[in-house]
1. Kirkwood Rh and Cα-based Rg: tell me the resulting Rg over Rh for region 202-246, rounded to two decimals.
2. Please report the relative contact order for region 207-288, taking Cα pairs under 8 Å with a sequence separation of at least 6, and give it as a percent rounded to a whole number.
3. Using unit Cβ charges (K, R positive; D, E negative) and no other charged atoms, how large, in debye to the nearest 20, is the dipole of region 235-290 about its Cα centre?
4. What FRET efficiency do you get for Val16 and Phe182 if R0 is 30 Å and r is their Cβ-Cβ distance, rounded to the nearest 0.05?
5. Can you list residues whose amide H is under 5 Å from Ala189's amide H, if they're 5+ apart or on another chain and H is modeled 1.01 Å from N?
6. Need one number: nm distance between label points at Trp102 and Phe118, each 7 Å from Cα along Cα→Cβ, rounded to one decimal.
7. Considering the zone a paramagnetic label at Tyr70 would reach in this model (a point 7 Å from Cα along the Cα-to-Cβ line), which residues of region 129-151 have amide N under 16 Å from it?
8. Short version: ³J(HN,Hα) in whole Hz for each residue of region 34-51, in order, from phi by Karplus 6.51 cos²θ - 1.76 cosθ + 1.60 (θ = phi - 60°), x for Gly and Pro, what are they?
Amino acid sequence: MDKNLIQRTLSGIVYVAVIFLCTTPFGAQLLDSVSPGLVQQQYLYYGLISLLLLVGTWECMKIMKFGDGYEKWVVFPLVIFVFYLFSKRYFQHGFYFDFRLWEILALSLTLIAVVTLFKFSNELYLDSGKLIFTVIYVALPFAFALGLPKFSSYENTFSLEVIFLFLLIWSSDTFAYLVGKFFGKHKMAPKISPKKTWEGYIGGVVLTLVLSYFVEQYQPQLRGNWMVVGFLIAAFAPLGDLVESQLKRNFGVKDSGNIIPGHGGVLDRLDSFLICVPVVYLYFILEKFI
C-alpha cells in the first residue's frame, strides 16, 4: 500500500478523533475514566480552539510573507487580544445572540476581507493590509466559534453545535467531491480551484440538506433550525475553500503548512470552517428575531 496513503489516513483519523473528543462530552468522559474530574469539556474545547488559532495565525503569516515592519510583531498580540475579549465572554456565558451592532459589524468584516482578497488584492501586499486581513480571517472566526456551544459546569453538560457543524462541513465537501467527480462538467472557478464544479456544488447542497434533516429531527436541543444551518454550511463551505485557495494563489504557496501529514496545515483543513462560523453565528442572531 502507498505509504503516503497510509500516512494521510492515519493523520486524518487522529485529526477527526481530536475534533470529536474536544467538541463533545466524550472527551471529558474519557479523561474522567483515567482521572476523575481531571478536566471539564469546556476547557478541552477552549484549548482546541486556542491551539488552532495560534497555528492558523502562524500559517497565515507565512503565506502572506510579512516584511520586517512593526506589523509582523503586533500580529500575535492583536490576535490574542481579540481572542481574550471573546474568551471572557465564553467563560462568563456572555454569548446571548442579541442584535448587537458591534457584533454585526465584526461579522461583516469577514465579507469585507473576502471582497478585498478577490477584488482589491493589491491591498494585501502591504504589511498593514496583511495585518488586518490576518486578524479578520483567522482571529474573528475562532473567537466567534467560542460562542457556538452551550455548557454548564454545574450540570456537567456541553452542547453539540460545533461537532455537527464539522460533520456538515465534511459531508458538504465529500458529497460535492463525489458528485463533481462523476457528474461534474461545468467548472465553478477554474483558475482558483479547477476541480470544483457547479454540479458538485448543487449535489453537496442537496445531500447535506438531507443529512441536516436527520440532525434537526434527532437533535432538537441544538440552537436554531438545522435545515437552515445545513443549507448555509453547504452554500458557504465551498467559498471557504475558494478563499484559502485564492490567498495561497496570490502569494504563490501550495499548502498553508504540514502540521497534519498528508493533509497540509490548519488553514487547509479549516478553510470552510473559517467562513461557516461567522455565517452560522449571524444566523443564530437573526433567528431570534424571526
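None of the figures in this text is laboratory data; all of them are computed from the coordinates on show. Every value quoted in this text rests on a predicted model; they were computed, and no experiment measured them. Ideal geometry is used to build each Cβ from the backbone, glycine not excepted, and the neighbour counts take in all protein chains shown.
1. Checking Rg against Rh, the ratio lands at 1.07.
2. Computed value for region 207-288: 30 percent relative contact order.
3. So the magnitude is around 80 debye.
4. Efficiency, rounded to the nearest 0.05: 0.75.
5. Under 5 Å from the amide H of Ala189 lie the amide H atoms of Lys196, each far enough along the sequence or on another chain.
6. Placing both labels 7 Å along Cα→Cβ, they lie 3.1 nm apart.
7. Residues 129-132 fall inside that zone.
8. Calculated HN-Hα couplings, in order: 8, 8, x, x, 4, 7, 8, 4, 5, 6, 4, 5, 4, x, 4, 5, 5, 5 Hz.
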